[in-house]
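Below is a structure I'd like to ask you about.
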Amino acid sequence: MNGQYASLLIALPLLSAFFVPLIKGLGERGIKYYLAVITALQTGIAAWVFQQVYSTGKPIIVMAGGWKPPVGINLYIGHFAALFVLIVAVVSFFTAVFSIWSMKVQPIDKYAMLFLLLMLGATGMIATGDIFNLFVFMEITAISAYALTAYNKTGEAAEASLKYMILGGIGSSFFLIGVALIYGSLGTLNMAQIAQLAGNMNPTVAQVGLALIVFGLAVEAELFPLNAWAPDAYQAAPHAITVMFSAFVVKAGLYATARLLYLMQAVGSWHDVLKLLVAMATLTVVVAEFAALRQKDVKRMIAYSSISQVGMIAFALALGSQAGVDAGVFHMVNHAVVKALLFLGVGYVGIKLGGTAMENFQGLGKRMPLTAFALTIGSLAAVGIPLFNIFWSKVRILIAGVEAGYTWGVALILGASVVEAVYYLRFIHAMWFAGEGERMREGLAISLILLLLAALVIVIGIYPDYIWSLAQKAGSDIFNVGQYIKNVPLMEVGA
Amino acid sequence: MIDWKLILEVIGILLYATFMGFIFMGIERKAMARIQRRVGPPLYQPIIDTLKLLGKKESISHGFIYDFGPVFALGASIAALLFIPIANFQLFSSNADLIVVAYLLEVPMLGIMLGAMSSGNPFSAVGVQRGLLTMVAMQLPYGLALIALIQHWGTFKLSEIVALQGAQGWSVTVPALLIAMIVFDIVFQAMLGLEPFDIITAPAEISMGPMVEYGGKHAAILFTQHAVQIFAETAFFAVLFLGGASNLLELLIKQIAVLFIAIFVASIYPRFTIDQAAKFFWKWPTILGIIAVLLTV
Amino acid sequence: MNEILIILFTPLLAGVLAWAFDFRGVREVIGLIGAAVPLAYLVKLYPAVIEKPVDYALTVGGFTLQFQLGTMSWYFAAVASLVGLAMAFGLVATSRSGYDWLFALMSFTGVLGVFLSQDFIGFFLLWELMTFASFMMVLKRNRHESLKYFVLSVIGAYAMLLAIGILYARTGALDFETIRQALIIDVSLGTIGKGETILLFTLFLTAFGVKAGAVPLHVWAPGAYSETDQSYTAFFSGALSKAGVYGILLIYMLMGYKLYAELGTFHGHLTFAYVIAWIGAITVVVASFLAVLQEDIRKLFAYSSVGQVGYILLAFGVGSPLGFAGGLFHVLSHAIFKGLFWLVTAAIILQTGRTRFRDMGGLAEKMPFTFAMGLIAVLSLAGIPPMAGFASKWLIYEAAIQAHMPLVAGAIFLGSGLAFAYVVRFLYGVWFGQRPSELEDVKEAPLPLLLAMTILAIPNLVFGVAPGVVTGYINRILMGDVVGGDYYRLVTQTGTYNALLVSTALVIGLAIAGLVYLYGAKARRVPVTDTYQSGNPVTEEFNLSIRRNFYRPLAEALEFWLRYSWDRFYERLAKLSEDFADALRQAFYNGNVQSYSWYLAIVLLILALWGVL
Amino acid sequence: MISVYYFGAISLILIGLYAVLVKKNVLKMLIGLSIMETGVNLLLVSIGYISGRSAPILSEGIGPNQAVDPIPQALVLTAIVIGVATTAMALSVAIILYGKYGTLNVEEIRRLRG
């Protein structure tokens, strides 16, 4: 049962995506249940891989076609990748179950295919060990994301998808230029080898190459000036898909940025790039929080809040210290859980009460108490109240930030999170203490998922040690590149 | 181990103080009359009034607090008196210092307020309001004067202050404390409720202010309280600024001197309105007080 | 020792259980047990704490949270649990929902945690928990006030987090002990410059100033204190404001020597202490003036509570050991008499349902027991000698004048005068004067509330007559014989105060006056209405009373100062920032994909230029 | 070893970018996008080009040292496929946009903003 079975993580979604047209005959419900089964299977494999990597402590290296790197393309499933592939799979499973009930728009088989491709793309981006392979998986995620954003076929959905497409297109083109420059000067695409040879690159080419790669990935990872597409895409996409966007699609982009950033440590102007990224990340947090203050649509408000939390993760990852990266990864895990909970809840209310405007949420406590309770837990966690999970990661990020010398950055982020507290608490007040309505029946499956996620939030909040140890291992997987190079069995090939 | 000598002293001083208090009230009325070129009632007139009031067959009461107010006021004045070193009798003054006595002198105000408020008469309510406002207005200069004194002598204990004054001369001789005495004297005017600041009992406007509902023995108790209060305040003034006294006679002379200053000022000035009084207290006396305090720091 | 764990987390646990089993009888019993346990354990641990502080460490999320029950933390925790117990009894009468119990007891755990924790992460975590729980109590009843409270507290909390970060970056440690050593060593090393020390000091000062309600940051207090269940406010203002004051002590303990080394002295006082003293003095004066002019009973006591905490700040600002002793004593006396006032208000509002002075009056006959409790609280707050309030205020006077801070001492005189004024205004407004006809059928407050009041009234009397008990323990905290004398006498270098003798003198005086009273003729009882109306009934339009605008002349005298108000300033600031946020959003996310692409182009341009430089 | 092809590729990219930034019509923007992608592909290929060598198709006369570096050309193949997929998706979205908005002017397609 050696590591080769880990490649199933990529193969399973791909095969089952192309298998969908064949089973179109089973009808709409059949496809939805098929989707749920596949994502359940994917979660099983991911859990097995997670258990394998974390028990043995050694990453799983999957060589495509048996070719040893750097000639062949390899998948590097280290501590971070194992953890996050599991999160991707679990969130996809939850969204699959949610879309069984919530997805009404017709071509369900197209929806299932795109859903699986999106999951595949994200898993691929996280697991790959080769930068061009990263570009391919990024494009797979991007294209399926464009299609899924436009899935509702309404004017707004098409507009959002167009914006995402144009900005994503520019970003990926420049990413490809960066890859071309790196390949031009180093002659290799394998990440481990790039890390080894990065030192003796021509400084200007290295600087421009690194800058363009980071620029390309920053569009995907929603950093400040480049995230203008994100709020529209989150709002217009179907509710289930927004959960996936905020829970792991953005994280894949962030992880890729962090991985490439730390691989190219040897580049001369590395610290300047870090400073630029920290500045952009702080601005992301501040602008997104301010933008969310007077939102009329709850889904767009939570989208802005998700962007600002992602900005905080980027701030942590760009600090350039081990503590910073660990805190960033810990926040990624917490953010995925909290935002999945919030978007699932908002989506559920959006469908049941028709639309996610703030008016529908007035007096939600009286109409749908369970969902309101889950949303309250989610909002309190997002604000960073103690005894909830984000408190721990936020404190760690801010302390690491000050330690890395960015006191002003931390002060700005703290100011922004005061603003975040205001609009979330207004949201809670609207739900529980304003408006009225009589009790409505709430679906069992959805409520179960919401309560499970809420329980997870509280458990991590009260006992964060286990998740924190995972985050530390995952953080060191990104941070110390030496260990990464040693793990990848590089074949000695004449340059 | 009851200290008989102390108890006898206490009783003696109390009787003496009440009697002299009534005499002071008599002097006050007599002097005011003489200034206005009329004969004025005999010195012992207040004593006769109090005994007449006590003798009344029946007096009305508006409930327990209405009775408790005056009783509490008189009790508090008596307690305040016991802590001031009267001439050579130390009584309890070794157990309390300046701040405690200053506060005890203000406690009767609460007693009168309690009684007046529970009488349900609007005039007494207005009287209470004015009494409190004057008290608030005079608090800052009063405090500053005391602080200047304490900083100069470096101690809070009244007995030590008297001893130091005996050794180094009265506080009045020290320039900074002279300013403090002027401030204290203005405040003293308001504490006695004499002319420029008799807004509390304002005879013409709100007919005896808080005491409007009182008659019979309640009024008698209030009169005795006022008598004890005057005696205590004049003694306090003498102890602080005029070097206390080795024997009762010397204390009496100083008290009467202080009283006459107050009477002369009272007979000249018309009455302040309450916000004028507040503005006045927070302007001149406070500035003088601050000067005095800064000089002695 | 898991006793500390029991003390800390039983209230939270009880709160959650009370919220879960939300039935009439069960909820109250669980709540009461939850509130009583900390006090019981604290009393049980008293002998242990006297010899050696009890320690306990807990590792959570990679951080080690250390808790220590030393003499000082025992003192603060005991004060908080006493008021907490009274609150619990009060809540039995006034609150109907598990929601109130959950968050009241959660804030109880927060406060205890703040007092007991010995490292910054535990301190910050429980500080945030306390703020959040008290915020939720206010959120239920008024959104605007609660948001104002939460924003200010969170700004304070985040200022503290920034300071913690800087300290961690400089000293590499999070627990108080190591930071203290590191900062003392740092005075010679000099890694933390003067500018940074001032930054740290201002950050900590804002954090603790907000919670204590120092003047520029006090705007949340009137709204938050009045817009929540009144018996909870007893705890809110009695114990939670002490967390802010405890923080100031923390600044002294951790950074005192460093601040002294960096900022030096000013006229013989520590500069940073002088700043705290002046903040306290201004708070006392401003809050007391505002309290006097209030029309609503809750607002009056809210401002008065801010003023009284100003006294404590002032006492700590004096910086001398006597100042700390006075401040610590006032922590206790403020907790008991202010807690008592809020319980009295809870009883009044519960029975009459009105909160403004103009609608109340003449309740003394209807609610005699509450009136008696109110009177005790009045005597204690106004600082009338036999009460605890006077003893602590006397100590603060001594300290301020001894430390040659005359103007600050002047502020105390003015403050206590004003305190006397607004306390009597409360007496007249609620208890005396003509009773409005609707309040004829008002009954006495329910039993649990009366019990709560007695719990807080007794210490007022006991510590008033025997202040030596408290100062004896405070000497143990300050490790020195700061305040001499035995149980009944307080002796300092420059003054003495024999509480027992003063009380006996008052009793003697009362006895004599009583004799004079009895000597006179029998008094005929006449109802209050039969006064200026000479017998015919006092109808509505003839109910002459000045309950409304009682201090109009004072308002006219201060009219120049009343034009400026911090509250309006903050409201405008909040609106300004919200409009700015809106404008930013409209400008940046204007929906046109072309402008979005321009943003990308601009970033590319920046990268190009940066590449060239 | 900056060869002349780089300038061609970079100018194509800039022309594409210009079109996206300036043209108001959505279709023209998409055309600009695909021009940019072709520019990138050209750059990718020209990086692998070694002057004086033939196409990387091994036959009897041409061994590994006579041929140009084959890897960029493999990358370009995938990049072209991705470019096609993106453009196809974009055009279908543009059709929906025209259906719903009745215009292709970028200025008017602004329902989602703020």
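What pairs can you find where one residue is in segment A:163-187 and on the phi > 0 side of the Ramachandran plot, the other is at pLDDT below 90, and their Cβ atoms are less than 6 Å apart, with a gap of 6+ or different chains?
Pairs found: A:GLY187/A:ALA495.
Find the helices (runs of 4 or more DSSP H) located wholly in segment A:179-272 whose residues include 1 or more that are in contact with an Asp or Glu (Cβ under 9 Å, 6 or more places away or on another chain), and list them.
A:191-197, A:203-220, A:229-236, A:250-263
Can you name the residue in segment B:108-129 that is surrounded by 24 or more Cβ atoms within 10 Å (Cβ to Cβ) and among the β-branched types (Val, Ile, Thr) and, of all such residues, is nearest to the other protein chains (Cβ to nearest Cβ)?
Result: B:VAL128.
Which one is nearest to the other protein chains (Cβ to nearest Cβ) among residues in segment C:574-594 that are more than 14 Å from A:VAL287 (Cβ to Cβ) and at pLDDT below 90?
My answer is C:GLY591.
Still on this structure, please answer the following. Kindly state which helices (runs of 4 or more DSSP H) lie completely within segment C:405-480 and contain at least 3 residues that are more than 27 Å from C:ILE279 (Cβ to Cβ) and either of a type in the set (Val, Ile, Thr) or at the interface with chain B (Cβ under 10 Å from one of its Cβ atoms) (or both).
It comes to C:447-465.
Here are A:ALA211, A:ALA237, A:ALA206, A:ALA218: which of them is crowded, with 24+ Cβ neighbours inside 10 Å, more than 10 Å from chain C (Cβ to nearest Cβ) and touching a residue at least 40 places away in the same chain (Cβ under 8 Å)?
The match here is A:ALA237.
Pairs under 9 Å by beta carbon, first residue β-branched (Val, Ile, Thr) in segment A:32-53, partner outside any helix (DSSP H, G or I), six or more apart or different chains?
Between residues of segment A:32-53 that are β-branched (Val, Ile, Thr) and residues that are outside any helix (DSSP H, G or I), the close pairs are A:VAL49/A:ILE60; A:VAL49/A:ILE77; A:VAL53/A:PRO59; A:VAL53/A:ILE60; A:VAL53/A:ILE77; A:VAL53/A:GLY78.
If A:ILE166 meets every condition in (1) facing another protein chain (nearest Cβ under 7 Å); (2) under 17 Å from A:ALA256 (Cβ atoms); (3) among the β-branched types (Val, Ile, Thr) apart from one, which number is that one?
Here A:ILE166 clears every test but (2).
Here's a follow-up. Find the residue count for segment B:67-112, including only residues that are in contact with a strand residue (DSSP E or B) (Cβ under 7 Å, 6 or more places away or on another chain), over 22 Å from B:GLY193 (Cα atoms), part of a helix (DSSP H, G or I) and of a type outside the set (S, T, N, Q).
1
Inspect all residues belonging to segment A:98-116 and state whether any of them is away from every other protein chain (no Cβ under 11 Å), within 25 Å of A:GLY345 (Cα to Cα), surrounded by 24 or more Cβ atoms within 10 Å (Cβ to Cβ) and under 16 Å from the mean Cα position of the chain (by Cα).
Yes, segment A:98-116 contains a residue that is away from every other protein chain (no Cβ under 11 Å), within 25 Å of A:GLY345 (Cα to Cα), surrounded by 24 or more Cβ atoms within 10 Å (Cβ to Cβ) and under 16 Å from the mean Cα position of the chain (by Cα).
Among the candidates B:MET191, B:MET135, single out the residue that is in contact with an Asp or Glu (Cβ under 8 Å, 6 or more places away or on another chain), within 11 Å of chain C (Cβ to nearest Cβ), in a helix (DSSP H, G or I) and closer than 27 Å to C:ALA555 by Cβ.
Sole residue among the options that is in contact with an Asp or Glu (Cβ under 8 Å, 6 or more places away or on another chain), within 11 Å of chain C (Cβ to nearest Cβ), in a helix (DSSP H, G or I) and closer than 27 Å to C:ALA555 by Cβ: B:MET135.
Also, I was wondering about something else. Condition first: of a type in the set (D, E, K, R) and either under 23 Å from the mean Cα position of the chain (by Cα) or within 14 Å of chain A (Cβ to nearest Cβ) (or both). Now tell me which residues in segment C:57-104 satisfy that.
C:ASP100
Only residues that are more than 7 Å from chain D (Cβ to nearest Cβ) and β-branched (Val, Ile, Thr): list them for segment A:171-201, please.
The answer is A:VAL179, A:ILE182, A:THR188, A:ILE194.
Out of segment A:314-328, which residues are closer than 17 Å to A:ALA221 by Cα and in contact with a Ser or Thr (Cβ under 9 Å, 6 or more places away or on another chain)?
If the condition is that a residue be closer than 17 Å to A:ALA221 by Cα and in contact with a Ser or Thr (Cβ under 9 Å, 6 or more places away or on another chain), then A:ALA314, A:PHE315, A:ALA316, A:LEU317, A:ALA318, A:VAL325, A:GLY328 are the ones that fit.
A further question on this structure: Evaluate the following for C:VAL331: is it out of contact with any Asp or Glu (no Cβ under 6 Å at 6 or more places or on another chain), buried (at least 24 other Cβ atoms within 10 Å of the Cβ), farther than 13 Å from C:LYS393 by Cα and touching a residue at least 60 places away in the same chain (Cβ under 8 Å)?
no
Here's another thing I want to ask about it. From the list B:ILE47, B:ILE60, B:ILE78, exactly one residue is farther than 26 Å from B:ILE7 by Cα and of a type outside the set (Lys, Arg). Which is it? Steps first, answer last, please.
Numbers: B:ILE47 fails: farther than 26 Å from B:ILE7 by Cα; B:ILE78 fails: farther than 26 Å from B:ILE7 by Cα.
It is B:ILE60.
Of the conditions (1) over 18 Å from C:LEU259 (Cα atoms); (2) out of contact with any Leu (no Cβ under 6 Å at 6 or more places or on another chain), C:ARG170 fails just one. Which one is it?
C:ARG170 satisfies all of (1) over 18 Å from C:LEU259 (Cα atoms); (2) out of contact with any Leu (no Cβ under 6 Å at 6 or more places or on another chain) except (1).
Okay, moving on. Sort through C:LEU510, C:LEU501 and tell me the only one that's touching a Gly at 6+ places or on another chain (Cβ under 8 Å), within 9 Å of chain B (Cβ to nearest Cβ), closer than 28 Å to B:THR224 by Cβ and at pLDDT 85 or above. Outline the logic, then answer.
On the way: C:LEU501 fails: touching a Gly at 6+ places or on another chain (Cβ under 8 Å).
Exactly one residue qualifies, and that residue is C:LEU510.
Turning to a different aspect of this structure: Quick one: is A:GLY409 in contact (Cβ under 8 Å) with a residue 12 or more places away in the chain and not in a helix (DSSP H, G or I)? If you could, list the steps in order and put the result at the bottom.
Working: in contact (Cβ under 8 Å) with a residue 12 or more places away in the chain: yes; not in a helix (DSSP H, G or I): no.
It is false that A:GLY409 is in contact (Cβ under 8 Å) with a residue 12 or more places away in the chain and not in a helix (DSSP H, G or I).
Working only within segment C:257-305, note down all residues that are at positive phi and in contact with a His (Cβ under 9 Å, 6 or more places away or on another chain).
C:HIS267, C:GLY268
Next up: Check A:MET431 against each of (1) more than 10 Å from every other protein chain (Cβ to nearest Cβ); (2) under 25 Å from the mean Cα position of the chain (by Cα) and name the one condition it does not meet.
That leaves (2) as the condition not met.
Further question on the same structure: Checking A:TYR484 against (1) more than 11 Å from chain C (Cβ to nearest Cβ); (2) not in a helix (DSSP H, G or I), which single condition isn't satisfied?
(2)
If you don't mind, there's one more thing I want to ask. For residues in segment C:151-171 being within 9 Å of chain A (Cβ to nearest Cβ) and not aliphatic (A, V, I, L, M), which is farthest from C:GLY62 (Cα to Cα)?
Checking each candidate, the answer is C:TYR158.
What tally of residues in segment D:39-68 results from selecting those that are buried (at least 17 other Cβ atoms within 10 Å of the Cβ) and within 12 Å of another protein chain (Cβ to nearest Cβ)?
10
Looking at B:ILE287, B:ILE274, B:ILE199, B:ILE221, which one is in contact with a Gly (Cβ under 9 Å, 6 or more places away or on another chain), under 19 Å from B:VAL136 (Cβ atoms) and within 14 Å of another protein chain (Cβ to nearest Cβ)?
Just a single option satisfies the conditions, and that option is B:ILE199.
Here are C:ILE396, C:ILE348: which of them is among the β-branched types (Val, Ile, Thr) and either without any contact (Cβ under 8 Å) to a residue 40 or more places away in the chain or within 13 Å of another protein chain (Cβ to nearest Cβ) (or both)? Steps first, please.
Working: C:ILE348 fails: either without any contact (Cβ under 8 Å) to a residue 40 or more places away in the chain or within 13 Å of another protein chain (Cβ to nearest Cβ) (or both).
Within the list C:ILE396, C:ILE348, the selection yields C:ILE396.
The values are calculated or read from the model by the stated rules, or taken from the named source; none is laboratory data. Please read all numbers here as calculations on a predicted model, not as lab measurements. Positions of Cβ are backbone-derived with ideal geometry, glycine not excepted, and every protein chain shown enters the neighbour counts.
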